[in-house]
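Okay, so here's the structure we're looking at.
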Amino acid sequence: MSALDTAVDWDERYRRFPDLYGSRPNDFLAASEILLPRGARVLVVGDGQGRNGVWMASRGFQVTTVEQSSVAARQATALAASRGVEMECVVADLTEWIETPQAAGPWDAVVWIFVHLPRAARSRIGAVLGPALQPEGRLIMETFSVAQPQMGSGGPSDPGLLSRRDDAAEDWPDLTVESRIVERRVFEGRAHQGLASVVQVLGRGRGRRPRRGAE
């Protein structure tokens, strides 16, 4: 998902390519979901045709996805039905949806996979969704790094939409964040194929703060 494209652009793209990012879950997400308690309430942002949200629902999580393309959301709902699972699909611009009461959660986890937005938007989203996590809630994030354009394996070319290793720590100030830059092979539909430079992030809430006046 890239901020340079409108919902209409994405509608046309998903209509033309029903397998744009494939139907398998992201590898980093699949390796990290063990960190979440079964039945956790999970928000998956920019989930496109539903590959990650549907997989998480099949793993027993309560899933809400937010996606700007109505075409992709319908495809995600169909994918969920084909696998016999349920999840809530919200069609909305994420930067606007975070201002709604629903965004306040509380969420046990936020999943952010290859969602590429301008830095100002990412910071605002992190500032809102960080406090919406449960006290020890999790952030699972993978994005393309600023080195990705030279790899030629997908993602935006605008460096303003790409990530540096420390971005997430600054964008999600309410969390303790661990980030790393990795080169790995991605095989996710027709859009992401080959060796890629990615930033992988695990974040965690810092637990409950004592009430004012409490000992």
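None of the figures in this text is laboratory data; all of them are computed from the coordinates on show. It should be emphasised that the depicted structure is a prediction, and the values quoted were computed from it without experimental measurement. Counting neighbours? That spans all protein chains shown, and the Cβs are built from the backbone with ideal geometry, glycine included.
Points worth noting:
- Length-normalised contact order for the chain - Cα pairs under 8 Å, 6+ apart - percent: 20
- In the chain, the DSSP-assigned H stretches of four residues or longer account for a calculated mean residue ellipticity at 222 nm of -7500 deg cm²/dmol, using -39500 (n - 2.57) per stretch and the full residue count as denominator.
- Amide H contacts under 5 Å for Val90, placed H, 5+ residues apart: Thr65, Val66, Glu67
- The residue among Ala169, Thr65, Gln49 whose Cα reaches farthest toward the positive pole of the charge dipole of region 7-205, with charges on the beta-carbon of Lys, Arg, Asp and Glu, is Gln49.
- For region 75-204, the mean projected area of the C-alpha convex hull, equal to one quarter of the hull surface, is 8.4 nm².
- Share of pairwise Cα separations in region 62-122, more than 17 Å, in percent: 46
- Against the rule of thumb 2.2 N^0.38 Å, how large the Cα Rg of region 29-141 comes out: 0.98
- Rounded, prolate or oblate (a/c below 1.5 giving rounded, otherwise prolate when a/b exceeds b/c) for region 144-195 by Cα gyration tensor: prolate
- Segment Ser123..Gln62, full-extension length gain: 19.4 nm, with 0.36 nm per residue of separation and the alpha-carbon distance subtracted.
- In a simple Cβ point-charge model (Lys, Arg +1; Asp, Glu -1; nothing else charged), region 96-185 has a dipole of about 320 debye relative to its Cα centre.
- Fraction of antiparallel bridges per DSSP, the chain only, in percent to nearest 5: 50
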